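S.K.: Questions regarding the structure given below will be posed in turn.
The values are calculated or read from the model by the stated rules, or taken from the named source; none is laboratory data. None of these values were measured; they are calculated from a predicted model. Cβ placement follows ideal geometry from the backbone for every residue including glycine, while neighbour counts extend to all protein chains displayed.
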Amino acid sequence: MIKIDSFKLRIPKSEIKELIDCTNLEREIVMMVLSTGEVISEQTLKVQKLSNDGGITSIAIGIETIPIKRIPTEYLTLKVTSKLLKQSYYDGINIDNLKQIVEYLHSVGIPISIEKLLSAEITDIDFCKDFTISEAKYPELIDSINSNAKSFKQSKRGLNIFNQKDNKGIEFSSRKTATPANPFFKIYNKFLDSQSVKHSVFFSYYKLETNPDLHRLEFTLKNKRHFDKYQLSNKLIDFLTLDQTTLKNILSDITDHHLNKPKDTNAIMELRKNQNVIESYIEWGLELSTRLNIPYETSKDLILNTIEKKMTRYRHSKMFDKVHYELKNSSAEYANKTYINSLMIELCLA
């Protein structure tokens, strides 16, 4: 399932009834310029980061001035992440747990109602999809993605493979510089990420257990131009009500920019049909031919006889022969190849 991991939003300051006062909060407050990160005084444009808040490493609040019809207008900016859900972190942000996030914001002196949050303008949003793959097979997935990656001459385009102790994966483009023409997505080992210096405090504080085989795909929609491309509004409520089919289509379009995929939809559907037939053959045909000592040709005929169209039977017969040969000579290698291909399709990478 594709989930919302984080988003940045802005609300006209005039619509916030109570000014946010962080000076009384019992936690470290760092004030900095939005564009440069320079630490500054309280009187100027600032972002306030509330650090070490019960396992949640930080929450960023800012004031931004934007010209609306040539009139400078102040907005409150806020970054909300799924870490605010604490023990429910892996659920992602959704319409059902938004109340939990609002309650947390209230507890740290940010008086925003659910209604105000739902109508706020999104300026940046990250989505994620979790999946499991063993440590042994993970490099094969990365190699498969790498082999299908398009090459670009421009800087900050194309792939980057990273293989640090606590950060293993692959990314395309950059989260900071992502555009509709150069979208960002990333795959990484979530277990290693949960054990990293940057994030381990949060996971240990809330006793969040992470499967060692858990991995994550992330992608970003950066701004209104990106939203317009997919005919999306920039209101939070509309993102929280997006269906999985729409999100999957967006992800598939993003990966299309960076990967070579079959362009023929019929070919993709045929591949999926063939995989289903292969699975049926493995589950049924091999059981008949090995456990019950029935010859391969007999088990194949039993399956093919369930297919009405003569040409379809013929095509599948040729495919079965190829599968049987590969299974017979290298069953483990073939099964692994089928697994990686299926995962690539599930993640919209093929």
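S.K.: Scan region 91-110 for residues that are assigned to a helix (DSSP H, G or I), closer than 18 Å to residue 239 by Cα and not β-branched (Val, Ile, Thr) and jot them down. Please lay out each step first, then the result.
M.R.: If we filter region 91-110 for residues that are assigned to a helix (DSSP H, G or I), which is where we start, we get 91, 98-107.
Keeping just the survivors that are closer than 18 Å to residue 239 by Cα gives 91, 98-102.
Within region 91-110, 91, 98, 99, 100 meet the criteria.
S.K.: Just to verify a result, which residue in region 108-147, among those that are without any contact (Cβ under 8 Å) to a residue 24 or more places away in the chain and among the aliphatic types (A, V, I, L, M), is surrounded by the fewest Cβ atoms within 10 Å (Cβ to Cβ)? Don't jump to the end; show me each part of the working.
M.R.: Of the residues in region 108-147, the ones without any contact (Cβ under 8 Å) to a residue 24 or more places away in the chain are 113-115, 136, 139, 143, 147.
Those left that are additionally among the aliphatic types (A, V, I, L, M): 114, 136.
Values: 114: 13, 136: 9.
Filtering region 108-147 for residues that are without any contact (Cβ under 8 Å) to a residue 24 or more places away in the chain and among the aliphatic types (A, V, I, L, M), the one surrounded by the fewest Cβ atoms within 10 Å (Cβ to Cβ) comes out as 136.
S.K.: Output the qualifying pairs, or none if there are none: Cβ atoms under 6 angstrom, residues six or more apart or on different chains, first residue in region 175-198 and under 19 Å from residue 343 (Cα atoms) and buried (at least 16 other Cβ atoms within 10 Å of the Cβ), second residue modelled with pLDDT of 90 or more and hydrophobic (A, V, I, L, M, F, W, C).
M.R.: Hits for this filter: 185/172; 185/219; 185/254; 187/170; 187/217; 190/214; 191/214.
S.K.: Additional query: May I ask you to list pairs of residues, at least six apart or on different chains, whose Cβ atoms are under 6 Å apart, with the first in region 327-350 being at positive phi and part of a loop (DSSP other than H, G, I, E, B) and the second being among the hydroxyl-bearing types (Ser, Thr, Tyr) and at pLDDT 80 or above?
M.R.: Here the result reads 348/252; 348/255, each pair linking region 327-350 to a residue that is among the hydroxyl-bearing types (Ser, Thr, Tyr) and at pLDDT 80 or above.
S.K.: What is the one condition in (1) closer than 22 Å to residue 182 by Cβ; (2) touching a Leu at 6+ places or on another chain (Cβ under 8 Å) that residue 101 does not satisfy?
M.R.: (1)
S.K.: Whether any residue in region 13-31 is surrounded by 15 or more Cβ atoms within 10 Å (Cβ to Cβ), of a type outside the set (Val, Ile, Thr) and modelled with pLDDT of 75 or more is what I want to check.
M.R.: So far as region 13-31 goes, yes, one or more of its residues are surrounded by 15 or more Cβ atoms within 10 Å (Cβ to Cβ), of a type outside the set (Val, Ile, Thr) and modelled with pLDDT of 75 or more.
S.K.: Considering only region 113-149, state which residues are in contact with a His (Cβ under 8 Å, 6 or more places away or on another chain) and among the aliphatic types (A, V, I, L, M). Steps first, answer last, please.
M.R.: Pass one, region 113-149, residues in contact with a His (Cβ under 8 Å, 6 or more places away or on another chain): 130-133, 138, 149.
Matches in region 113-149: 133, 149.
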